[in-house]
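The values are calculated or read from the model by the stated rules, or taken from the named source; none is laboratory data. Since we're looking at a predicted model, the values are computed, not measured. Please note: Cβ atoms are built from the backbone with ideal geometry, for glycine as well, and neighbour counts cover all protein chains shown. To get the accessible areas, we keep the full protein, side chains included, count just its heavy atoms, and leave off ligands, DNA and RNA. Shrake-Rupley method; radii C 1.70, N 1.55, O 1.52, S 1.80 Å.
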Amino acid sequence: NAGVTQTPKFQVLKTGQSMTLQCAQDMNHNSMYWYRQDPGMGLRLIYYSASEGTTDKGEVPNGYNVSRLNKREFSLRLESAAPSQTSVYFCASSEAGGELFFGEGSRLTVL
Amino acid sequence: EDQVTQSPEALRLQEGESSSLNCSYTVSGLRGLFWYRQDPGKGPEFLFTLYSAGEEKEKERLKATLTKKESFLHITAPKPEDSATYLCAVQAVGDYKLSFGAGTTVTVRA
């Protein structure tokens, strides 16, 4: 009963490097989300996908791209990482809106 | 733009000392207000959804209430295992995304 699975759990990058965070859910949910969490600022939405084949920008999309690969998978890509992107990233899913179910997070440090 | 403000930022309680957390919100038509619990190093865990003013929901020592402008999470006779960060979020009618507050970190001492 995995729920929402994120990989990797930890990553250290140098400024300018690229990487992709992977997310998969096994609850047959239509909607998927990427949030970042920084101290004192709460969870901020980066991108979301209301349904397979659609993606939309959230509150803080600059520097990120996403791909809804299929109904189960939603990836987040950093093309050229910056120190300001040091954060904890959470993937979540929901059934057509409503309560979100979160993964355990991916902790990214950009040096 | 939806806004969610939680207070206090941190709350230190003695075991058994009841208290309340506040979540003030502005949203253009509320679809739902959500409470989550987050333990250190973990993802948020869903607790409650409230849909309309006057609604209340309970789970063990937690009780959530909702008015037109704010929600309260009451912790009755807390135990050390209730120590966590509690997050509040709102969803507007017709929207898929949730907007979160910064959270209240609760520490319960034995």
Q.
When the residues of the range A:37-73 are narrowed to those that are within 14 Å of another protein chain (Cβ to nearest Cβ) and charged (D, E, K, R), which ends up most open to solvent (accessible area, probe 1.4 Å)?
A. A:Lys57
**Q.** Residue selected from the range A:74-109 under the condition closer than 20 Å to B:Leu98 by Cα, open to solvent by 30 Å² or more (accessible area, probe 1.4 Å) and not hydrophobic (A, V, I, L, M, F, W, C), by the criterion modelled with the highest pLDDT
**A.** A:Glu104
Q. Within the range B:96-110, can you find the residues that are at negative phi and either surrounded by 18 or more Cβ atoms within 10 Å (Cβ to Cβ) or β-branched (Val, Ile, Thr) (or both)?
A. B:Tyr96, B:Lys97, B:Leu98, B:Ser99, B:Phe100, B:Gly101, B:Ala102, B:Thr104, B:Thr105, B:Val106, B:Thr107, B:Val108
Q) Can you name the strands (runs of 3 or more DSSP E) wholly within the range A:22-111 that have at least 1 residues being closer than 30 Å to B:Ser7 by Cα? A) A:31-38, A:42-49, A:87-94, A:106-110
Q. Which condition number in (1) touching a residue at least 40 places away in the same chain (Cβ under 8 Å); (2) of a type outside the set (Lys, Arg); (3) assigned to a strand (DSSP E or B) is the one that A:Gly16 fails?
A. (3)
Q) What is the residue count in the range B:64-110 for residues that are farther than 17 Å from B:Arg12 by Cβ and within 14 Å of chain A (Cβ to nearest Cβ)? A) 17
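Conditions tested, residue by residue: (1) among the polar types (S, T, N, Q); (2) touching a Ser or Thr at 6+ places or on another chain (Cβ under 6 Å).
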{"residue": "B:Ser18", "(1), (2)": "yes, yes"}
{"residue": "B:Gln38", "(1), (2)": "yes, yes"}
{"residue": "B:Tyr51", "(1), (2)": "no, no"}
{"residue": "B:Glu60", "(1), (2)": "no, no"}
{"residue": "B:Lys63", "(1), (2)": "no, no"}
{"residue": "B:Thr67", "(1), (2)": "yes, no"}
{"residue": "B:Glu70", "(1), (2)": "no, yes"}
{"residue": "B:Thr76", "(1), (2)": "yes, yes"}
{"residue": "B:Gln91", "(1), (2)": "yes, no"}
Q) If you go through the range A:7-36, how many residues are open to solvent by 40 Å² or more (accessible area, probe 1.4 Å), within 13 Å of another protein chain (Cβ to nearest Cβ) and under 19 Å from A:Val88 (Cβ atoms)? A) 2
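Tell me, yes or no, whether the range B:78-94 has at least one residue that is touching a His at 6+ places or on another chain (Cβ under 6 Å) and either aliphatic (A, V, I, L, M) or open to solvent by 50 Å² or more (accessible area, probe 1.4 Å) (or both).
Step one: filter the range B:78-94 for residues touching a His at 6+ places or on another chain (Cβ under 6 Å), giving none.
For the range B:78-94, residues touching a His at 6+ places or on another chain (Cβ under 6 Å) and either aliphatic (A, V, I, L, M) or open to solvent by 50 Å² or more (accessible area, probe 1.4 Å) (or both): absent.
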